[in-house]
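As structure tokens, the structure follows; a few thoughts come after it.
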Number of protein chains: 2
Amino acid sequence: MQEIKAILDFMVEIEQLKAVVRKTRPVGLQRHENSAEHSWHVCLSALLLKDYANEPVDIHRVMKMMLIHDLGEIDAGDTIVYDSDTQDIKDAELKGIQRLFALLPGTQGEELLTLWKEFEQGETADARFAKAIDRVPPLLHNVNDNGYTWKKYNIPEEKVLALNGARISAGSESLWEAVKEILEQASTQNLFAKSAPSDRSETP
Amino acid sequence: MQEIKAILDFMVEIEQLKAVVRKTRPVGLQRHENSAEHSWHVCLSALLLKDYANEPVDIHRVMKMMLIHDLGEIDAGDTIVYDSDTQDIKDAELKGIQRLFALLPGTQGEELLTLWKEFEQGETADARFAKAIDRVPPLLHNVNDNGYTWKKYNIPEEKVLALNGARISAGSESLWEAVKEILEQASTQNLFAKSAPSDRSETP
């Protein structure tokens, strides 16, 4: 009974993920996405795309990763992917996830923490595939939203292709091929920010 | 490539679940919950509570059910559980889910439709557990939101206990024991609508 009560308390605690606001907007909506509905979307997307992973994946583990991958944001907040690899952000998310999982009874929290770290490190087949899937919906959002965050945060095509090409093709080459075609069409529609080739010389 | 493109189109189509507004509000938020973030929440909750199912469950199947169980609402809308068992609503949800899953390539749509129907029928161990979990968050919302929908829709304690007691204990007796204790406390705090014992005689 005490264990179930602890899990129910955890269920209430993670409600806060519904208040973590992301940068893109769901297709057709004028509000920003939150990290809870994003987690649902990538979890189901991973299931649908599992047969296209570069290497065989354990889809049950991948789905679990998807469900918990953003929980660190409850304490740390969401950051745009093009800026999100700083050590400070990583540390804040780790601290947040440790606080949350400590609420769970028995070994559950420890097991989920191990899985969360595996996702973050992105070095196993399951984590590579999970990280690939995680990148797809924001691209679909922008394609269907006139390049909303690309323009807002001044992200040029090269940067979108470089980061997402590396991340998605590491998990699924064939998925990247399909997404790249969609992005090429976005380019002809001028959905990306204008490139700024002189930036490097101006900012040493 | 065509198959992946079809799945990407499906991923865009189901974005609409983020626009399906439910009756309760996430804990701490002043807006109503949407069915996409709810689907994430019950999927993760099922995983955490799997060991308390009355019968052994295949948690991977249960999680898949959770991810898709509300997709019929994209076309049919959300209805309050205390009114949701009419044939019209069931028919509209079935029609909606058939339209959606027809978008998927190969046998994926058919497999998911079979799983969705199993959830709806609630006659297997997996479906009974999934349906039990699905009932818990709205109760936790109300308990943490001064009985918001219970008061708004005039749902008295007896009705809350009857429907949820049957549904949750069918999937997990021990989960219902824990939830019942929480609801008993809600009763002492007057979070339910006042009962109206004369209703039956007034409405033949």
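Just so it is clear, none of the values below were taken in a lab; they were calculated from the coordinates. Worth saying up front: this structure is predicted, and the values here are computed from it rather than measured. Here the Cβ is made from the backbone with ideal geometry for all residues, glycine too, and neighbour counts use every protein chain on show.
About its Cα centre, the dipole of segment A:1-147 is roughly 360 debye, where the only charges are +1 on Lys and Arg Cβ and -1 on Asp and Glu Cβ. For B:N34, the residues whose modelled amide H falls within less than 5 Å of its own, excluding neighbours fewer than 5 places apart on the same chain, are B:R22. Quick check: the distance between the Cα centres of segment B:145-163 and segment B:10-32, to the nearest angstrom? The distance from the Cα centre of segment B:145-163 to that of segment B:10-32 comes to 21 Å.
Treating only the Cα positions of segment A:68-204 as identical point scatterers, give the base-10 log of I(q)/I(0) from the Debye formula at each q in 0.16, 0.18 Å⁻¹. Debye output, listed in q order: -0.93, -1.08. Only Lys, Arg, Asp and Glu carry charge here, each on its Cβ (+1 for the first two, -1 for the last two); on that basis the protein assembly as shown has a dipole of about 860 debye about its Cα centre. In nanometres and ascending order, the distances from the B:E55 label point to those of the other copies are 3.8 (point 7 Å from Cα along Cα→Cβ).
Legend: translational diffusion of segment A:50-141 by Stokes-Einstein, Rh = Kirkwood radius over C-alpha pairs, 10 °C, 1.306 mPa s; D = 115 µm²/s. Can you compute the label reach from A:I182? Point 7 Å from Cα along the Cβ direction, backbone N cut-off under 12 Å, restricted to segment A:132-172. Once the point is set 7 Å along Cα→Cβ of A:I182, A:133-145 turn out to lie under 12 Å by backbone N, inside segment A:132-172. Peptide A:47-53 has a mean shielding of 5, counted as Cβ atoms of other protein chains within 10 Å of each residue's Cβ. Within segment A:1-31, list the trypsin sites (Lys or Arg not before Pro) lying in a DSSP loop whose Cβ has at most 12 other Cβ atoms in a 10 Å radius. Here the trypsin sites (Lys or Arg not before Pro) that fit, given the DSSP loop and packing criteria, are A:R31. For segment B:1-155, the Stokes-Einstein estimate of translational diffusion at 37 °C and a viscosity of 0.692 mPa s comes to 201 µm²/s, using the Kirkwood hydrodynamic radius over alpha-carbon pairs. Footprinting exposure proxy ranking of A:I7, B:I80, A:I155, B:I97, fewest other C-beta atoms within 10 angstrom first, gives B:I80, A:I155, A:I7, B:I97. Using the Cβ-Cβ distance between A:Q121 and A:D88 with R0 = 25 Å, the FRET efficiency computed as 1/(1 + (r/R0)^6) comes to roughly 0.90. Using the rule -39500 (n - 2.57) for each DSSP H run of four or more residues, divided by the residues of chain B, the 222 nm mean residue ellipticity is -19500 deg cm²/dmol.
When each of A:F129, A:F192 is scored by the number of other beta-carbon atoms lying within 10 Å, the sequence from fewest to most is A:F192, A:F129. Structural size metrics of the protein assembly as shown, computed from C-alpha coordinates, are Rg and Dmax of 21.9, 83 Å.
Scanning chain A for DSSP H helices at least 18 Å long along the axis (C-alpha atoms) with a Kyte-Doolittle mean no lower than 0.0 picks out A:35-49, A:125-143, A:157-171. Estimated at 0.36 nm per residue, the fully extended path between A:T107 and A:L163 surpasses their Cα-Cα distance by 16.6 nm. From least to most packed, judged by other beta carbons within 10 angstrom and beginning with the fewest, B:H32, A:H41 follow the order B:H32, A:H41.
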